[in-house]
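What follows is a short report on a single structure.
The values are calculated or read from the model by the stated rules, or taken from the named source; none is laboratory data. The structure presented is a predicted model; accordingly, all values stated were derived computationally and were not measured. Here the Cβ positions follow ideal geometry from the backbone for every residue, glycine too, while neighbour counts run over all protein chains shown. With ligands, DNA and RNA removed, areas are computed over all heavy atoms of the protein, side chains included. Shrake-Rupley method; radii C 1.70, N 1.55, O 1.52, S 1.80 Å.
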Amino acid sequence: MEHSKHNIFSKVANSENYFIVNLLSGQADILEPDETKRFIDNKLTNKQVYIDKGYIVDPKEEEKLFKKKYLDFIDDRDSDEVQLFFTPWYTCNFDCSYCFQDEYTNQNDDVKDEVIEAFFSYVDTKFADRKKYITIFGGEPFLNTPSKKASIQKVIDGANQRKLDIAVVTNGYNIAEFIDILKTANVREIQITVDGTKEVHDSRRMLKGGQGSFENIAKGVDLLLENNIPLNMRMIVDKDNVKNLPELAQFAIEKGWTKSPLFKTALGRNYELHHCQTHNKRLFQRIEMYQEIYDIVKKHPEVLEFHKPSFSIAKFIFENGELPNPLFDSCSGAKTEWAFDYTGRVYSCTATVGNMGDELGTFYPKIELNEDLIEEWEERDILSIEKCSSCSVKLACGGGCAAIAKSRTGKLHSEDCRPVKELLELGIGLYHKG
Ligand code: SF4
Ligand code: SF4
């Protein structure tokens, strides 16, 4: 018997205690310093408890369990819901300081009706037996011209005919102009990016021409909630705006947004994808960002009313009282996520959509798929990435994002590491009471 290679074991932030988390056995515990020492030195007085919890294992038995759970994961994913992104154009009315699409060809084209029809007929055949929903993406999908509004209505009508939910990723500037169209849809969620309170947000997410966008967006949020439409407010964080988080949280609390069950939030890290950013000194490494957020939340606990950071699986554990299933693959691209654009191309996901060379085929004017490339995407998981095989946190990390890994190493089957242990140190330190 030996210590499981899936034990994630470290010290809780700002505490003398340690934690042990094992995703394969589905167990987690806090250990006091004396017990920790006995565990490390193999001098446990209650060893059977550790065996029962899968922290101490027979490696052969553990390997069998690993294989079984892997097959369960693949089976479950085959029946998971698929998210289908549709990009009707890459045009945008904003000039955000960090846009990764800003080097895409921004032809001011309208999407042709026959492309929307071809998209739905592809969905009807390729995803006939799958649960699914459509996410309208951009560029900016909510552009206020009659022809662009008619195209969005056409996409929503197509979804309605098939009784599919829709989601929209928008900058939120033109919500008022699109609210009547949205009322005709089954809206799962509208995702809007807000990078801080007025001054901070407007310095990063301005209209082309430089005019601020915060006030329109805030009115749009009110309007969505008044109309019972769920929204997910996402803040893109870097060193320039992170300190504004408490103020944004306070603003949302005062507006009454955080009281609504329809209001969700997310924090996204500003990072480089496909090309370098001009102001890349402001970018955080993932752990740096979470360390900063941890410090902010310690000082301003009201931030948690606005957003509870995940800290890897820490939030999940404390909210659900159990561990999530082991994550053999954290990338949904070309598995439970696909993206399609107005040129008729098919992509793996939002990180690759529109990026030249990343297309996996076409759905218009005719269906032609690069099956070899698709298979390469489908086969990427922690078993196919060499570095992941000996990694103790692999069942929490899942190998990271394929697009980021590929843009960094040139290889799809390479790692995009998550600092799982360090995130758990912070997250367990923050959420564990007692
Ligand atoms: S490549 Fe990255 S962005 Fe795309 S689905 Fe995978 S994890 Fe998500
Ligand atoms: S991507 Fe890195 S951290 Fe994640 S499982 Fe693979 S080796 Fe481990």
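Things to note:
- By a 1.4 Å probe calculation restricted to protein chains, residue 129 has an accessible surface near 150 Å², given to the nearest 10.
- Think of the chain as a dipole: +1 on every Lys or Arg Cβ, -1 on every Asp or Glu Cβ, centred on the Cα centre; then among 285, 141, 228, 285 lies furthest on the positive end.
- Cα centroid of segment 1-35 to Cα centroid of segment 162-209, whole Å: 42 Å
- Whole-percent carbon and sulfur share, accessible surface of the chain, 1.4 Å: 47 percent
- MRE, 222 nm, helices only [DSSP H, n ≥ 4, -39500 (n - 2.57), over the chain, to nearest 500]: -11000 deg cm²/dmol
- Tail fraction, Cα-Cα pairs, segment 1-124, threshold 18 Å, whole percent: 70 percent
- Based on the Stokes-Einstein relation at 20 °C and a viscosity of 1.002 mPa s, and on the Kirkwood radius from alpha carbon pairs, the chain is assigned a translational diffusion coefficient of 91 µm²/s.
- Relative contact order (percent, whole number), segment 81-309, Cα cutoff 8 Å, 6+ residue spacing: 18 percent
- Spatially proximal lysines relative to residue 5 (Cα-Cα < 21 Å; intrachain offsets below 8 disregarded): 37, 43, 47, 53, 60, 64, 67, 68, 69, 387, 394, 421
- Most tightly packed first, judged by the mean number of other beta-carbon atoms within 10 Å of their residues, the peptides 249-262, 408-421 read 408-421, 249-262.
- Other residues whose C-beta falls under 12 angstrom from the C-beta of residue 60 contribute a net charge of -3, scoring Lys and Arg +1 and Asp and Glu -1.
- Value of relative contact order over segment 168-221, rounded to a whole percent, pairs C-alpha under 8 Å and six or more apart: 45 percent
- Close amide H partners of residue 12, meaning residues 5 or more places away or on another chain with modelled amide H under 5 Å apart, are 17, 18, 19.
- Per-selection metrics, segment 2-75 (Cα): Rg and Dmax in Å: 13.4, 42
- The residues of the chain have, on average, 47 Å² of accessible surface per residue, using a 1.4 Å probe with all protein chains present.
- Charge dipole magnitude, Cβ of K and R +1, D and E -1 - segment 81-309, Cα centre, debye nearest 20: 540 debye
- Rg/Rh for segment 81-309, where both radii come from Cα atoms and Rh is the Kirkwood radius: 0.97
- Working from Cα pairs under 8 Å separated by at least six residues, relative contact order for segment 1-61 is 37 percent.
- Of all lysines in the structure, the ones whose alpha carbon falls short of 19 Å from that of residue 198, not counting any fewer than 8 places away in one chain, are 208, 219, 239, 243, 255.
- Within segment 25-114, trypsin sites (Lys or Arg not before Pro) in DSSP loop having at most 15 other beta-carbon neighbours inside 10 Å: 43, 112
- Between the amide H of residue 136 and those of 86, 167, 168, 169, distances stay under 5 Å, these residues lying 5 or more places away or on another chain, with hydrogens modeled in the peptide plane.
- Dipole magnitude for segment 299-426: computed about the Cα centre from +1 point charges on Lys and Arg Cβ and -1 point charges on Asp and Glu Cβ, it is near 400 debye.
- Remark: C-alpha extents of segment 255-392 on the principal axes read 55, 40, 36 Å, sorted largest to smallest.
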